[in-house]
Amino acid sequence: LAPLFALAAKATMLRTVNEGLLATYLGADPAARVLAGTVLRGEPQSVEAVLFYADLRGFTPFADALSGRELFVLLDECFACMVRPVSRHGGEVLKFLGDGLLAVFRIEGHADERRRAEICATALAAASEALDLMDILAAERTGMGKSTPGLDVALHVGTVQYGNVGTDARLDFTVIGPAVNEAARIEALCKELGRDLLVSQAFATAATRSQAHLVSLGRHRLRGVREETELFALA
């Protein structure tokens, strides 16, 4: 019977390895969709979510000054500060964007106001924790005589299209839509407004549990967006 058991064990092990590899490179939900056969272009799914858009501030000088290995070590340390809180609070990292990332906290189905507020609160907690971890990393690196880039985070709520995009030879699970662009534009204003965390008017409206912790920074124009929007930061 040993050869039969070995064959069964090998099949189970290979599936477990494949699931682990896909989840590591694609994320948990895209990995599950790929294994379930969702491998065609098109047919996107409309999803409402809190968008968590993060980017390292002042990273270019580090890329110019550090060796390749040192740069990768720094990036890994910074990404750990961003990813751990997102994962711990139930978010999902969709993409690493050079020296930044895009993550989502899904608002499943027809969530009521209370549930939406809870999801916004967890996203805000993840953003605050990421910034705290970056402060700790900066302090540790300062003790070693090394500098560290800053971190800017934008939170926004919107409906996005989630699915496969690419070519027959190379596909990628991603989210697209105006809300994604708006989140990126909001993050770009962090430096200008002197804040490391900005949230949109849509987020502030949905985050009824967190409104006491937010302060308005007035209305601002986002590049490429026709209407001005009110932005908020932590009080």
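Inverting the mean 1/r over all pairs of different Cα atoms, compute the Kirkwood radius of region 30-110 and quote it in Å.
So the Kirkwood estimate lands at 14.9 Å.
Leaving out ligands, DNA and RNA, and with a 1.4 Å probe, what % of the accessible surface on region 40-119 is carbon or sulfur? Show your work: numbers first, answer last.
Working: 2240 of 4370 Å².
That fraction is 51 percent.
Once you have a ≥ b ≥ c as the square roots of the Cα gyration tensor eigenvalues for region 141-191, tell me rounded if a/c is under 1.5, and otherwise prolate or oblate according to whether a/b is larger than b/c.
Numbers: a/c = 4.09, a/b = 1.71, b/c = 2.39.
Oblate, because a/c is 1.5 or more while a/b does not exceed b/c.
Loop sites only, by DSSP: take the trypsin sites (Lys or Arg not before Pro) in the chain that have at most 12 other C-beta atoms within 10 Å and name the longest stretch containing none of them. It would help to have the intermediate numbers written out before the result.
Values: sites that count: ARG41, ARG170, ARG221, ARG223, ARG226.
The answer is 42-169.
Residues with amide H under 5 Å of LYS95's amide H, sequence separation 5 or more or different chain, H placed in the peptide plane at 1.01 Å from N; which?
Here the answer is LEU102, since their amide H atoms fall under 5 Å of that of LYS95.
When all C-alpha to C-alpha distances in the chain are sorted into bins of 5 Å, what percent of pairs does each bin hold, rounded to whole numbers?
So the P(r) values, bin by bin, are 1, 6, 12, 16, 17, 15, 12, 9, 5, 3, 2, 1, 1, 0, 0.
How large is the charge dipole for region 159-233, taken about the Cα centre, if only the Cβ atoms of Lys, Arg (+1) and Asp, Glu (-1) carry charge, to the nearest 20 debye?
Working: 9 positive and 9 negative charges, 33 e Å.
Approximately 160 debye in magnitude.
Per the Kirkwood treatment, what hydrodynamic radius in Å, one decimal, follows for region 53-165 from the mean inverse distance over all distinct Cα pairs?
On the way: mean 1/r = 0.0655 Å⁻¹.
Across region 53-165, the inverse of the average 1/r is 15.3 Å.
How much of the DSSP beta bridge set in the chain is antiparallel, as a percent to the nearest 5? The partial results should precede the final answer.
Working: 39 of 42 bridges.
If I count the DSSP bridges inside the chain, around 95 percent turn out antiparallel.
How big is region 138-235 along each principal axis, measuring the range of its Cα positions in Å and listing the largest first?
49, 37, 27
Provide the per-residue ³J(HN,Hα) series for region 191-202, in order, calculated from phi with Karplus coefficients 6.51, -1.76, 1.60 and θ = phi - 60°, each as a whole number of Hz, with x at glycine and proline positions.
5, 4, 8, x, 10, 9, 9, 10, 10, 7, 5, 4
On C-alpha positions alone, give me the angle between the axis of helix 178-188 and the longest principal axis of the chain, in degrees, nearest 10.
60
Given a 10 angstrom Cα cut-off, can you work out which residue in ALA169, ALA49, ALA103 is the most mobile in a GNM of the chain?
Of ALA169, ALA49, ALA103, the most mobile in the Gaussian network model is ALA169.
Dipole size in debye (nearest 20) for region 36-122 around its Cα centre, Lys and Arg Cβ +1, Asp and Glu Cβ -1?
120
With the other protein chains left in place, how much accessible area per residue, in square angstrom, belongs to the chain at a 1.4 angstrom probe? Mind dumping the intermediate values first?
Working: 13070 Å² over 235 residues.
I get 56 Å² per residue for this part.
What number, rounded to the nearest 500 deg cm²/dmol, is the helix-based mean residue ellipticity at 222 nm of the chain, given -39500 (n - 2.57) per DSSP H run of at least four residues and division by all its residues?
Working: 8 runs with 112 residues, N = 235.
Result for the chain, helices only: -15500 deg cm²/dmol.
For the chain, find the longest principal axis of its Cα atoms and tell me its angle to the long axis of helix 68-88, 0 to 90°, nearest 10.
It works out to around 90 degrees.
Can you pull the percent of region 155-235's accessible area that's carbon plus sulfur, 1.4 Å probe, other chains left in place?
On the way: 2080 of 4310 Å².
Roughly 48 percent, rounded to a whole number.
Given +1 on the Cβ of Lys and Arg, -1 on the Cβ of Asp and Glu, and no further charges, what dipole in debye does the chain carry about its Cα centre, rounded to the nearest 20? Please report the intermediate quantities before stating the final value.
Details: 24 positive and 29 negative charges, 55 e Å.
Approximately 260 debye in magnitude.
Hey, could you grab the Kirkwood Rh for region 95-148? Inverse mean 1/r over distinct alpha carbon pairs, Å, one decimal.
Numbers: mean 1/r = 0.0736 Å⁻¹.
For region 95-148, inverting the mean 1/r across all distinct Cα pairs yields 13.6 Å.
For a Förster distance of 30 Å, can you work out the FRET efficiency between the beta-carbons of ALA28 and THR60, rounded to the nearest 0.05?
On the way: r = 32 Å, r/R0 = 1.07.
Result of the calculation: an efficiency of 0.40.
The values are calculated or read from the model by the stated rules, or taken from the named source; none is laboratory data. The shown structure was predicted, so the numbers you read here are calculated from the model rather than taken from an experiment. Glycine gets a Cβ as well: all are built from the backbone with ideal geometry, and neighbour counts include every protein chain shown. Ligands, DNA and RNA are stripped out before the accessible areas are found, and what is left, the full protein with its side chains, is counted by its heavy atoms. Shrake-Rupley method; radii C 1.70, N 1.55, O 1.52, S 1.80 Å.
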